[in-house]
Every structure is written in structure tokens, then in C-alpha cells.
Amino acid sequence: MDLEKKIKDWRKSLRKQEHFSDGFTEELEVHLRDAIEGGLDKGLSPEEAFDRAVKNLGDITAINKDERLAHISSGKSGLMVPGLLRNFLKVNRRQFRKNGLLNGINLAGLTVAFTATFFIGLFLHDELSFEHHHPNAENIYRLSYQHTSETGIVEKRAFSSGMWIDVVKDRVPSIEETMRFMQISYGYVENQATNQSFYEEGIYWSDPNFFDFLHFPLKYGNREDQLSHPSSLVVTESIAEKVFGEENPIGQSLRFVRNGIVVNFVVTGVIFDPPSNSHFQPNYIAQLEALQGIFGEAERGWITLNPAPGWVYTYIKLRDESYKAQVTQTLEEFWNNAIPERAEFMEPLLTKLTDIHFQPPIKWEIDTPITMSYIYGLIVIAAFILIIAMTNFVNLITAQASKRQKEIGLRKTLGSTRKQLRLQFFLESAGLTLFAIISALALTYLLLPEFNGLIEKRIDLFQVFSNSNLFIGFIAIVLMISFTAGAFPALYFTRKVTKSFNLNQFFKAERANTTGRNMLVILQFAVAITLIISTVTVFNQLQLINNGKLGTNREAVVGIRTTRMGDTHQIQRFRNEIENFAQVSSSTLGMHLPRLSDFGRINTRYFAPDLHNEPLYWNKFDADGDFPKTFDLEFIAGEDFREDHDLNSLIINESAARELNLAPHEAVGLILKEDSINYVYGQSDGVVIGVVRDFAYESVRKRVEPLVICANTQVNGALSVKLGPGNKQEAIAQLGKLWAEIYPGRPFEYWFLDYEFGRLYNQERRLGKLIPLFSGLAIVIALFGLFALTAYVSELRKKEIGIRKVLGCSTSGILRLLSWQYLRTILIAVFIAIPVSWWGMDYWLDNFTYRVNISLLVIGGSILFILLVSLMTVSLKSLKAANANPVESLKHE
Amino acid sequence: MFSFSKSLVAASSKPLILGILQEGTSYGYAIIQRVKEISQGKLEWSDGMLYPVLHRLEKEKLITSQWMQSEEGRHRKYYAITELGKQSLHQEKMNWYGMQEVMEALWSINPSTSN
């Protein structure tokens, strides 16, 4: 007899016993062998010894049962055994496959929501981290001043005089370092090697310590050489690529031409493109000293020796905040001595570098500040999106509870503890959420370039995450969201479902679920409707801003740069020739438009001697006679400049007439004397020949101030050409061709005014893109959820519908039954959303001087929209359920 | 002849096993042999039933186990009593003595019930 074979067979038979672990089987085998040996010692035959040993061992199934009890009856069974985890995964996979649509929607909704939230987060991080990357950023201040006019109007200005810094540095020892620069562009840069030239903006003329003071990582070159010589020039990566191509441009020469004066430079460094979270956005950086060469002999000392404010941006690094008073005091003393006639109207301003981005826009600001209400608005939207998606998630997971009652019952019967059940559902939901987050992260990475393009920023995901605190915070948030998402269904399931399991309880629980779920649907839709109303209102407001920019003409106006083109005859020739072009309807020569926050000369002192002797502090805009025509200004009294207009003719706006307490037609013929203390374009007394309707020529956030349009300009910064209908590109090509004939070798640079004016409203434009995008996403996610929920509930009520149909209910009756349930909840949501959105929008619109009204049409339309869309969503599934043959749903039981 | 009921056997298994392990580390087969030896065959366990009990005691942390090579080279799972097990054994002893006292008290008063 083969004893070993018998033992092997016996061991095989143990495999059927599910509670025998491998260790236990082995232990039993050792026992059997010992027992057989004992038998053999007593003189039994191997066969007898084996049989007795097996018999003594007893009933294997009984042992199996005891073994199971040994593991669970102790009450301290393991929460998680590997087999259980495998089982969870299996069930989870099956569950997912069975309710594929539902779970797919759930997962997609979550992923989209997380992606949207990440993008909002990145945007906010970029906005809120402005300037933080510069060394000692919290100790850097920008030195400028505020000007109070004789009429008491306070105006903050961003620039200073180049001389102040030297004065203050000498007298206040607590200043550690100073840096100043000017931003003077509108010349052209010439690469003689390739014979190419480019009009450039963003040319910084700075003190040599620019790169010590601020953080700009170098791509090529040595830190020490950057601005070591007046001929040194540092360019950004993208400029280097544009001007020199791919190769390293260090050592290449470049010339800057302005007003016929040439300055020669040698490239000494290439910096990476400045990050978008900084208001320093240079394209070229050269020494301030080099700028002296561009100014004429008379202006040479102007930058650093003129005590009156000029176009210099000044930054100081203080040892600590307490020295601020010392700086302002020193400066005031200096003004009192050096410019006593202006000192009383001026007050020093020290703005913390990191605060510049968050204060209301001030005059000649080079930053594009953001209002905190935008930040809050985006946070609210992100929160809304998360709420909607999480609600969906919880809703859909719990909706499946009823279907999983059987599974839970079975698990309980087989000995699952409540803890294990809770763990199962926790792992399921948390796993799903984590998966969604990881997908969202991948999606964010892939879509970031598009997003950057959309909002005109340069956000770098790796740069953001290289900040370890931020990364840890992010991970913490991810874990928190997964945990919350997991915990809710887990608690819900185990509390509602596992207490006891009988049919009566089941239906009671189901009813309670429906109420809870409806509450969540109400929350979701209240949020969605609020978002729609807000989005439409924001959009309307942005439309108002867009249309109010300059006149109301929608035809494209093209600006052509004519700065310092010398001979006015040539420009005149160009103008005369383009008059013949079919598409050109008019053109006007004047200032370069648009300027940063306004145009023309500001605060000119006028007198209206016919009325009174009080000075009028009005804005003056220098233009030529074709300005009103080209920009379609609307005349409400008087007339436009005539072809051969008197140089003393003036046109004023409606606000100016109002300030004089005159009706528009009464203002026509009025004599205005200009009391010019500015030296540039001379004095003029004029006669008002026309009054135009107000147009926003400064930021629309401000009230339109009185304005005088003068037609005697000698400024030729730019030619604005109004194009009629037709192919714009063709017209531009035609203009370019003519340009090349008249100005050979001079770059033809043009821009669409529409777009350029848009730059004045960069933040609004960004938000005009972001808000509709994210609100749209939120609404889609909410509808996704509604769709899945209806699908699920009509599935759940299949039998009920079948029975109703058998008993004679019509299809439309069933449709009404199914739809009404949701429409009712959505109607409740409407009543919550209206006051919330009304209040929220009213608060936001208060930021604007010219604001749209929150129209009833918008609110009504939004509600109608959401009702229609949700009705459609609900019907999509309900209709199928209502049309189904009741036999199908009833036969299988 | 004794005929211990199944439940009595089950109830006694815990003090019995703990008591045997108190004498020293042992393994399944040897424990069975020792039970037979002490009870002089009066206690008839089916060998296999021992193991679930051992596993339960281990789960309750009254005993610990370890796979070890025996002197003759066989790989066996050895069990040893823990501190907690010793305390539990003491408690069991007290319980059994107590039970014995109760029975004795009963039967000495009314001998007619003793047979």
C-alpha cells in the first residue's frame, strides 16, 4: 500500500473545506502522520494505522464548522482579510458593469468637476501669488504719489520722478536697495544681420541691479554681465526666438531706433519668459543710462535730475515696514524745497509690491489688477461645481442602495460585520473618487496649454507643484474629498440598510431615501439656476463694457502705427491714397489708441467766460477733424468738424454740457478758454460746435467725465482707419502694400482697435471667458446627474409602471407622473435660487458705474431654460419607461 | 464508566488545554496524547476537534503558536501559553473549584440525588 498517496488524497479532500487555511491543512497533516506513526508503533499495519488516524480525527465538516466559529465567534474578527478585498473588487466591477450608464455618468461628472476645480484653482493660485517669487518680496514697496486737484479729486499715480530715489536713499539708511526703470517703447528694433525690424513694446530701461532686485531666471548668459554696460541688452526667450531664431543670441548685436536716433546694443543675456503672476512683463531690458542717448541734449538730465514726477517706476527694499513713515516724511520735505508749487497737491504713496495686484486700478498702472470680488466669485463657482458633482455622486450611489439590499442582506447572513460592510462601501466610493481625481489631474495637464491660451497666462503645472507646501496641501485636499465622498455612502448604507432586513423596512427606507435625494436635487438645481442667472447677468455687463468702449460702431477700426514717421507729407499722401480704397470709409490721425486706461491729456483747466469764472477741470483729447466720423460718435446737438474746420472748433460731450447746466443745444456756440499749464501743444481758445453723446473713453468702471475734443492735433502716433464691410485681411494686405511703397524698409504695424481696447479690460475678458465656461460645465454636470437619476428611478419603478399601464393608465399619464416628481423639486429650487442670485449679482454689479439691470427677462428665461432642459432630460428616460410594454416588466416573476 | 456530554467536554477543553500548555510548549498530537494519558482514556476527544479550539484560544491571545523543526526533523506547529492565558487558566480553576463546591454542598445535604 502506498501510504504517501493515501495521505496526499486525504489532503486533497480537505480542500473543499473553505475555512481550512493552508497552515491548518498542514497542521492536520502533521497530526495525521504522528497518529499513523503511533499506530505503527503499536504494531498496526500501515493501512490500519492510516484508517484509525483518520477516524480519530473525527468529522471533517464538523471541524470545518468549528474552525469558522473559532474565527468569527470571538467578536474580534479581522476587518479586512485579503479574500474579502478581492471579493469587494469583484462585486464592485460587476456593479459598475451592471449600472454602466449610471456609474459612467457619475465618474464623468466627477472628473469634469474636478478638472474645472483644478483650473479655477490654478487661476486663483496664479492671481493670488502675484510677485511672491521675488526675493524679499514682502519688503519691497513701489514709491509713487497721489495727486489732489484743486477741486479735491484724488488721483493715485503709479510713477515717480527718477530723482526721488536718490534723495531718499541718501537720507534714509534703512533702505536696503532701490531699483527704478522706465518703460519707453514705440521705437523699432533692428537686427542688421537679418535685415529685419520689429516694433516692440515692453522695453524696460532700468538701473543695473534689475536682476538682483527681482527674480528672473536666466536661460543664457552670466548673472554678473546682465546689465553691466550701457550697451548691454537682455531679452526674453520668446523675443530671442523671434529676432534671432533658435540659436543662442549672446553676443549678437541689435539696434534700437526711435525718432531717428540709433542706440546699439549687444545681447548679454536671455531670460525665461516672465511668469504671468507678475506685473513686470518686460520683453527687453537695457540700462537706464542707455536711454539718455535717445533723448535730445536738452532732455538728458530729465530722468534723474527732475524733481517733478516723470515716467519712472521706483521700487525700494526696506529693512522693515516701520521705516515707511521715514521715507514719506523725507520725500515730503524734499518736495517742499524742490517743487513748492506742486508739493501741496502731492502726497507720497508706498505700495507693497505684493499688494499692487489687488488694489483698485490707479493711473498709469502697469499691472492688470484683479478685484477681490472676482476671486470670491470664482471660489463660489468652484464650490458650486464641487457641490453639484458631489451631490450627484452621493445621489447616484445611494440610489443604488435599494438594488444592493440583497447583496447586503446576503453578506450579513454570511457573517459580514457592519464594519466590514461600511468598509466595503467606503472603499468603493473613495476609490471611485480617487480615480476621478487622478483622471482630472491628467486632463488638467493635457488641457493646460489650451487653458493658458484662453486666459492669456503662462501657468506651469510643475512650477505650481514645485512649491512643496502647496503640493502637500493638494494631496491633503484630495484625500479629504475622497474620504468625505466615501464616508457618506458608507454611513448611509450601513445605517439605513443593515439594521434589519425585511421587506417592510425596505420600503420605509426607500421612501426616506427619496426625500433625502430630492433635497439634494433641490440643492443642485438651486445652485445651477443661480449660476445661469449670474452668468447671463455677468455676460450682459461685459457686453455693456464692450459696446461702451468707444462709440458704438461695430465695423472694424484698424490702427496703424505712424509714430515718428517724420515727414507729415508722407502720412498725408498715405491717407489720400487710402481714401480711394473701396473698403476704407474714413481715417483719423492722432494719438496712439488705445492707451492704458485713458487717452488724451487729462485735467486741462478750462474757463467758460460767458457763464462764470470758475475753472473747469476737464479732459482734453487731441484729435483731427475725422475723429468723430471714424469712431461714429453720435451728435446730439450742433455738428461735426467741417472739412475746412476752424482750428478753434471744439466738440464736447454730454457730460460737459451737463456740468455747465446747459442743454446740449444751448452749449453750441459757447466759448471755452483753455488755461494751459502744460507746455506741450500750446494754448487754444475755442468755440463749441457740437455735442456728442457720452462714450466711455476711460475705464467703464468710472463715470464718464466731461471731455473736450480738439481738432488741431500735431500728434501723429497712429492712423486709425475705419474699414467698411468686406474681407478685412484683403484690406489690410492692400494697406500694407501701399505702406511699403511710401515707407520702404519701415515695418507696417497694425492692430484691431476692438482687440486692443479689449486689453484694457483684460480681467473682465478673462472672466467673460471663464465664468460662462465653468457655469456651463456646472449645469451640464447637474443635468447629467438628473438624467442618471431619472434613468435609475424609472428602472426601479418599472413594475409599478407596468401595473399602472395594465390598470389603464395612459402613456402621457405615466410621463406626467414621472416628470412631475422632478419638476416639483426643480420648482422649489427656483424659489431658492431667485433671491440668492438677485442679491449676489446686485452686489457684484455695484462695482461698476454703468451697470446693467438684473432683468426679469433674464431670470424668467433662465428658469424656463432649466425647466425645459430638465424636462427634456427627464422625458428622455421616462418616455421609454412609459412606452414599454407592461408584459416585459411584469412577466419574469 | 464515564460518559461526558458533548457540552461538558467543550466547556472543559479550555482549562484542559491551557493546563497542559502550562506544563510546557506542545503541539496538537502531543496535547491529545497528554489528554488521553491524564484522563486514562475517560475523555474521548475526536482528534480534529482540538484544532479549532487551539485556534480560538490563539485568536483570544491566550496562547501563541509557531512553526518549528522538531528534534526528529518534523515541521510542527507548537503552541505556548501567554501571560493572558495563565491568568485565564487561574480564573478557570477558580470556576471549576467553585462549581465542584456547589455540587458537593448539594449532594452532601441530600444524598438521594447523588445516585
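The values are calculated or read from the model by the stated rules, or taken from the named source; none is laboratory data. On a predicted model such as this, the values are computed, not experimentally measured, just so you know. Cβ: placed from backbone, ideal geometry, glycine included. Neighbour counts: every protein chain shown. Accessible surface areas use protein heavy atoms only, side chains included; no ligands, DNA or RNA. Shrake-Rupley method; radii C 1.70, N 1.55, O 1.52, S 1.80 Å.
The residues listed here are A:L827, A:L879; of these, the one that is closer than 24 Å to A:I529 by Cα and part of a helix (DSSP H, G or I) is A:L827. Within the range A:301-353, the residues that satisfy the criterion of being polar (S, T, N, Q) and either open to solvent by 20 Å² or more (accessible area, probe 1.4 Å) or in contact with a strand residue (DSSP E or B) (Cβ under 7 Å, 6 or more places away or on another chain) (or both) are A:T304, A:N306, A:T314, A:S322, A:Q326, A:T328, A:Q329, A:N336, A:N337, A:T351. Within the range A:172-200, being open to solvent by 60 Å² or more (accessible area, probe 1.4 Å) and within 26 Å of A:N139 (Cα to Cα) holds for A:P173, A:E176, A:Q183. Within the range A:22-32, being open to solvent by 60 Å² or more (accessible area, probe 1.4 Å) and either facing chain B (nearest Cβ under 9 Å) or among the β-branched types (V, I, T) (or both) holds for one residue alone: A:E26.
Here are some residues: B:L21, B:L8. Which one is part of a helix (DSSP H, G or I), touching a residue at least 60 places away in the same chain (Cβ under 8 Å) and open to solvent by less than 90 Å² (accessible area, probe 1.4 Å)? Walk me through it before giving the result.
On the way: B:L8 fails: touching a residue at least 60 places away in the same chain (Cβ under 8 Å).
From the options B:L21, B:L8, the qualifying one is B:L21.
Summed over the range A:201-213, residues that are open to solvent by 10 Å² or more (accessible area, probe 1.4 Å) and either hydroxyl-bearing (S, T, Y) or under 15 Å from A:R255 (Cα atoms) (or both) total 1.
Just one of the numbered conditions (1) surrounded by fewer than 17 Cβ atoms within 10 Å (Cβ to Cβ); (2) more than 9 Å from chain A (Cβ to nearest Cβ); (3) in contact with a helix residue (DSSP H, G or I) (Cβ under 8 Å, 6 or more places away or on another chain); (4) under 22 Å from A:F20 (Cα atoms) is not true of B:L106: (4).
Scanning the range A:33-43 for residues that are more than 8 Å from every other protein chain (Cβ to nearest Cβ), open to solvent by less than 40 Å² (accessible area, probe 1.4 Å) and aliphatic (A, V, I, L, M) yields a single hit, A:I36. For A:K799, the conditions (1) under 30 Å from A:G104 (Cα atoms); (2) surrounded by 15 or more Cβ atoms within 10 Å (Cβ to Cβ) are fulfilled apart from (2). For B:L57, the criteria (1) surrounded by 12 or more Cβ atoms within 10 Å (Cβ to Cβ); (2) out of contact with any strand residue (DSSP E or B) (no Cβ under 7 Å at 6 or more places or on another chain); (3) within 14 Å of chain A (Cβ to nearest Cβ); (4) part of a helix (DSSP H, G or I) hold in every case but one, which is (2). Would you confirm whether or not the range A:387-398 contains a residue that is aliphatic (A, V, I, L, M), more than 27 Å from A:R93 (Cβ to Cβ) and open to solvent by 40 Å² or more (accessible area, probe 1.4 Å)? Scanning the range A:387-398 turns up at least one residue that is aliphatic (A, V, I, L, M), more than 27 Å from A:R93 (Cβ to Cβ) and open to solvent by 40 Å² or more (accessible area, probe 1.4 Å). Give me the residue from the range A:48-71 that is assigned to a helix (DSSP H, G or I), modelled with pLDDT under 85 and surrounded by fewer than 16 Cβ atoms within 10 Å (Cβ to Cβ) and, out of that set, farthest from the other protein chains (Cβ to nearest Cβ). Among them, the one singled out is A:T61.
To keep it simple, each residue is scored yes or no on (1) open to solvent by 10 Å² or more (accessible area, probe 1.4 Å); (2) in the same structural domain as A:G310 (by TED's automatic domain parsing); (3) at pLDDT 85 or above.
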| residue | (1), (2), (3) |
| --- | --- |
| A:W618 | no, no, no |
| A:E643 | yes, no, no |
| A:N648 | yes, no, no |
| A:V688 | no, no, yes |
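Restricting the range A:591-607 to residues that are part of a strand (DSSP E or B) and on the phi < 0 side of the Ramachandran plot, which is modelled with the lowest pLDDT? Out of the qualifying residues, it is A:R601.
Are any of the residues in the range A:99-114 under 17 Å from A:V464 (Cβ atoms) and either modelled with pLDDT of 85 or more or out of contact with any Gly (no Cβ under 8 Å at 6 or more places or on another chain) (or both)?
First, the residues of the range A:99-114 that are under 17 Å from A:V464 (Cβ atoms): A:114.
Among the residues that remain, those that are also either modelled with pLDDT of 85 or more or out of contact with any Gly (no Cβ under 8 Å at 6 or more places or on another chain) (or both) are: A:114.
Checked the range A:99-114: at least one residue is under 17 Å from A:V464 (Cβ atoms) and either modelled with pLDDT of 85 or more or out of contact with any Gly (no Cβ under 8 Å at 6 or more places or on another chain) (or both).
Whether any residue in the range B:70-77 is modelled with pLDDT under 90, in contact with a Lys or Arg (Cβ under 7 Å, 6 or more places away or on another chain) and surrounded by 10 or more Cβ atoms within 10 Å (Cβ to Cβ) is what I want to check. Scanning the range B:70-77, I find at least one residue that is modelled with pLDDT under 90, in contact with a Lys or Arg (Cβ under 7 Å, 6 or more places away or on another chain) and surrounded by 10 or more Cβ atoms within 10 Å (Cβ to Cβ), so the answer is yes. Cβ-Cβ distances below 8 Å connect the following pairs, each with a first residue in the range A:230-241 that is more than 12 Å from A:F272 (Cβ to Cβ), a second residue that is among the polar types (S, T, N, Q), and a separation of six or more residues or different chains: A:P230/A:Q287; A:S231/A:N264; A:S232/A:Q226; A:S232/A:T268; A:S232/A:Q287; A:L233/A:T268.
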